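The values are calculated or read from the model by the stated rules, or taken from the named source; none is laboratory data. No experiment lies behind these values; they were computed from the predicted model shown. Glycine gets a Cβ as well: all are built from the backbone with ideal geometry, and neighbour counts include every protein chain shown. Only protein heavy atoms, including side chains, enter the accessible area calculation; ligands, DNA and RNA are left aside. Shrake-Rupley method; radii C 1.70, N 1.55, O 1.52, S 1.80 Å.
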Amino acid sequence: MPPFFDIHGDPNMDPYTILSLPPTATDAEIKKAYRMQMLQLHPDKLAPTLGDQSIAAVTEKFHNVKDAYEFLVSPMHLTSRRLYMAKMASRRAEYERREAFMRRNGGVGDNYTAYASRGGVSGYRSGGG
């Protein structure tokens, strides 16, 4: 599993997925999920019979949970969090556009890319997300 943050400080993984939460979770729900997972994954709480690989995997997950929580609640990550949320909204909108196109055209082929590149969707350029 890769580290939560890339070299630019952006998340490599969805923080809500790591915490097993919907993107609409409140601060209280985020805090509760964080605390529950930290109790389960804390290195001091692991069984002594676990192998080295298992301990390393759980420890990495522990750090990813910590980083995901930090990303979602820390004022230090506010700008990154806003950019991440905008990127996720853009991806959802792109997915919905593709789904609508496929429904309108009976799901025949993947002509959406050709359609979008010809300017079929006003103000849209593929990529960017």
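The slack between T49 and N105, meaning 0.36 nm per residue of separation minus the straight C-alpha distance, is 14.5 nm. Counting only protein heavy atoms and a probe of 1.4 Å, the accessible surface of segment 1-58 is 58% carbon and sulfur. Tally Lys/Arg at +1 and Asp/Glu at -1 over every other residue whose Cβ is under 13 Å from the Cβ of R103; what's the total? Taking every other residue near R103 into account, the sum is +1. Label sites at L78 and L39, each approximated as a point 7 angstrom past Cα along Cα to Cβ, lie 3.2 nm apart.
Modelled label positions at M13 and K32, each set 7 Å beyond Cα in the direction of Cβ, lie 2.3 nm from each other.
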